[in-house]
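The values are calculated or read from the model by the stated rules, or taken from the named source; none is laboratory data. The model shown is predicted, which means the values in this text are computed figures rather than measured ones. Cβ atoms come from the backbone with ideal geometry, glycine included; neighbour counts cover every protein chain shown. These area figures cover heavy atoms from the full protein model, side chains too; ligands, DNA and RNA do not enter into them. Shrake-Rupley method; radii C 1.70, N 1.55, O 1.52, S 1.80 Å.
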Amino acid sequence: MARLRKFDKTYILDKAMNLFWEKGYIATSAQDLVSELGISRSSLYDTYDDKKTLYIKSLRRYTETQSIDLINLLNDGTDFKKVITLVFNNILKQSLEDSKKKGCFIVNSSIEFSCNNPEISNIINETNNKIKLAITKLIKKSQENGCLSLEIAAPEMSNFIYNNILGLRVMAKSGANKDELQDVVSFILKSMKLN
């Protein structure tokens, strides 16, 4: 059975993504990868060269399978109030259901690597920019259809919202309780007059 999985690169990559997402790069050992992925060390390195390459591929996989959901929700929306309220409530729900406190892989990578790896920084920045652009587009669509005041500067509001998304993710990962997270979401929405 392990031999068949060896050739299922998507399956292996998804398992690696979840392991790195939960433990981070530094805390994940080569033995952790071998045990979790169910492949030999030689197969692991023959396929992915090294741990960092597998981490980078895992981070890209996360953006393709997880971050894209948020981007699509923002891109498909036309009512700023409804969509942004849904975004924050979804993050709150995911955070409360996340028993392993995995948080967001993009945020985790930002904290763990900072600016120390250009390739990882590029993936993080590309994802951040796509999300901020989607928020900006939502704001502009909502202004055009009369759901949001034209006085709001879309790029500044987008940065404010995304900063709060990131902050909420960090707060949840660091162990904030349900009441604290709900208070933050409520205050964020009130500050934008959405609650």
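Only one of (1) under 24 Å from ASN72 (Cβ atoms); (2) part of a helix (DSSP H, G or I) fails for LYS102. Which number is that?
(2)
Have a look at LEU166, LEU138 and point out the one that is over 29 Å from MET17 (Cα atoms) and open to solvent by less than 60 Å² (accessible area, probe 1.4 Å).
LEU138
Being among the aromatic types (Phe, Trp, Tyr) and either modelled with pLDDT of 95 or more or under 21 Å from ASP183 (Cα atoms) (or both) is the filter here; which residues of the range 82-118 pass it?
Hits for the range 82-118 are PHE88, PHE105.
Could you please tell me which pairs satisfy a Cβ distance under 7 Å, a separation of 6+ or placement on different chains, a first residue in the range 166-195 that is touching a residue at least 12 places away in the same chain (Cβ under 8 Å), and a second residue that is in a loop (DSSP other than H, G, I, E, B) and among the small types (Gly, Ala, Ser)?
ARG169/GLY103; ALA172/GLY103; LYS173/GLY103
Look at the range 141-163 and say how many of its residues are surrounded by fewer than 17 Cβ atoms within 10 Å (Cβ to Cβ) and within 14 Å of PHE88 (Cα to Cα).
Here the count works out to 2.
Collect the residues in the range 24-48 that are surrounded by fewer than 15 Cβ atoms within 10 Å (Cβ to Cβ) and within 22 Å of ILE124 (Cα to Cα), keeping them in residue-number order.
ILE26, ALA27
Would you be able to tell me the number of residues in the range 51-97 that are touching a Phe, Trp or Tyr at 6+ places or on another chain (Cβ under 6 Å) and of a type in the set (Val, Ile, Thr)?
Count: 0.
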